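Contents: one structure, followed by commentary.
Just so it is clear, none of the values below were taken in a lab; they were calculated from the coordinates. Quick caveat: nothing in here was measured; it's all calculated off a predicted structure. Every residue, glycine among them, receives a Cβ derived from its backbone with ideal geometry; neighbour counts consider all protein chains shown.
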Amino acid sequence: MGTTRRALLIGGGVVAAGAAGLAGRRVWLDREPPALPVIDRSGHLLWQNWAATEHAYPATRVSPASPDEAAHLLRTAKGPVRMVGAGHSFTALVPTDATLVSLDNLSGVLGHDAATGRASVGAGTRLYDLGPQLAAIGQEMPNLPDINKQTLAGATQTGTHGTGRGFTALHGGIVEFDLATPRGEVLTCNATSNPEVFNAARVGLGAFGIMTRFTMQNHALTRVKKVTSLRPREELIEGWDDLQRRHRNVEFYVIPFSHWGQLITHDETTEPVRPRGPDTDTKGAMDLKQARDLFEFATPLRFWTADHLIAGMPDQVAIDQGWKLLSNERPLRFREIEYHLPRENQIAALREVVDAIERHRPDVFIPIEVRSIAPDDAWLSSFQGRESGSIAVHAYYKDDYQFFYTLIEPILRSHGGRPHWGKLNSLKYDDFAALYPRWKEALAVRDHLDPEGKLLNPYLTRVLRRG
Ligand SMILES: Cc1cc2nc3c(=O)[nH]c(=O)nc-3n(C[C@H](O)[C@H](O)[C@H](O)COP(=O)(O)OP(=O)(O)OC[C@H]3O[C@@H](n4cnc5c(N)ncnc54)[C@H](O)[C@@H]3O)c2cc1C
């Protein structure tokens, strides 16, 4: 141990001589991407997604104030008509140069039933607004994603999920919705009324119409204990099955180029409230970036540095209502690919992904996220019909992410993965048709509701129309 450490330190000295040069290279690479014009030549304002992977200059922007207005708009507006939530999808679901629709005017809790635990909610409600509004009526969403900036419609249209073996993605809690269609109707859809639309459009990529209202099946407010700890990564990988059985919600991150991982658990508790502290993940990620900048081409030294940065860091504990703890702040901008695999393939795929990154992509420093999701029956849900384990790889927003498609995606596909609808992937119609047993039925419903293809932008055409 001592010898290894000394050797590494000596090696470090040698590498340090070159480190200044390498860091200089990184400083050069670490430039802000060029900004796009805020207004185009026709005077149209820029729309850009959170990750700055997509943009457009829509000629018209509208925010209907009622479901009927949304239906009228869809019937009369120039296509492509695209809906936007919080713009947090990485894929090109939203861009349109014609009509961009926001549901900001249809938001908030509209009513509730205390006996059933259900609430009726405007489709444009942001998850961060929904938490306190539901809490005021004694309810909370059963689970939440890693952040809560999304709108309810935007989140459910892409199958947004949190983690926990017993928890479906967010759309699993939707028991009814109202959908304004390009035919000019407003359909109320649930398991017995318009059931095919209910099944096809619940996760619908904004390709079936404008969601205006949801009825959600919520849970009673629950106090949970959140524990964030750093653990040897092999312990997390080997213990993943057991961890999922022992904790209500559990996920872990593999910290690349280190022997460590971060474990996050949430369990119900009656212990007294201990509010969460400030976000420390961002500082941690920037420390990993610094180790990358200095030791990108000195892998043993990078492992050594990261291991020493991480070892001995204390656990963080917070106790509060679930809606206050399940989501996090993620101010660090990144690009992401995430696939949902049959649960039994998750760990084998993870090992291949980590190995590929550590062999071929020394520029990666953001941890690799590992979660689990229960199955559901929405026809276009990535979790449809199977217990799933997800794997997400991130790239810092200033770094190249083409390796998602050449290095990571082939591994995830070879293990039977389905991509997250809102995250980067290269799949087209035929690929999706092979992954979703109800694909053709779902698209038949879509074509019936939108015969002129008014909702299809170029990306959705590639995905939903055989090319
Ligand atoms: C930092 C970050 C963290 C993330 N964490 C997670 C996570 O933990 N888990 C996860 O699963 N995903 C996660 N995502 C992905 C994100 O949840 C999804 O991409 C989600 O769709 C974004 O919601 P949004 O409100 O921004 O919708 P947008 O991205 O604006 O839109 C998404 C889709 O919904 C459609 N849409 C919006 N409103 C309507 C409407 N009223 N009617 C019909 N269609 C509509 C749009 O047309 C589009 O097709 C994360 C993304 C980021 C940037």
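Below, the figures for the structure above:
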{"read-out": "Proximal lysine pairs, the chain, alpha carbons under 14 Å, eight or more residues apart or interchain", "value": "5"}
{"read-out": "Euclidean distance of C-alpha centroids, the stretch 22-100 and the stretch 244-290, integer Å", "value": "32"}
{"read-out": "Two-site label geometry, Glu268 and Ala348: point separation in nm, points 7 Å out along Cα→Cβ", "value": "3.6"}
{"read-out": "Where a label projected 7 Å from the Cα of Ala59 along Cα→Cβ would reach, residues of the stretch 66-102 with amide N under 15 Å", "value": "76-82, 96-101"}
{"read-out": "DSSP-loop chymotrypsin sites (Phe, Trp or Tyr not before Pro) across the stretch 275-326, with at most 16 other Cβ within 10 angstrom", "value": "Phe297"}
{"read-out": "Karplus-derived 3J(HN,Hα), 6.51/-1.76/1.60, for each residue of the stretch 56-70, Hz, glycine and proline x", "value": "6, 10, x, 6, 10, 10, 9, 9, x, 9, 8, x, 5, 5, 5"}
{"read-out": "Inter-label distance, nm, simple model (7 Å from Cα along the C-beta direction), Glu387/Ile137", "value": "3.4"}
{"read-out": "For the stretch 47-102, alpha-carbon Rg over 2.2 N^0.38 Å", "value": "1.11"}
{"read-out": "Value in Å of the Kirkwood radius, where the chain supplies the Cα pairs that are averaged", "value": "23.4"}
{"read-out": "Crossing angle, helix 281-295 versus the chain [Cα axis fit, 0-90 degrees, rounded to tens]", "value": "50"}
{"read-out": "Among beta bridges that DSSP assigns inside the stretch 223-425, antiparallel share in %, nearest 5", "value": "100"}
{"read-out": "Coil-residue trypsin sites (Lys or Arg not before Pro) of the stretch 380-440, DSSP, other Cβ within 10 Å capped at 16", "value": "Lys398, Lys428"}
{"read-out": "Nearest-ten-degree value, helix 439-449 long axis tilted from longest Cα axis of the chain", "value": "40"}
{"read-out": "Structure-based [θ]222 nm, the chain - -39500 (n - 2.57) summed over DSSP H runs of at least 4, per residue, nearest 500", "value": "-9500 deg cm²/dmol"}
{"read-out": "In degrees, nearest ten, helix 346-360 long axis to first principal axis of the chain (Cα)", "value": "60"}
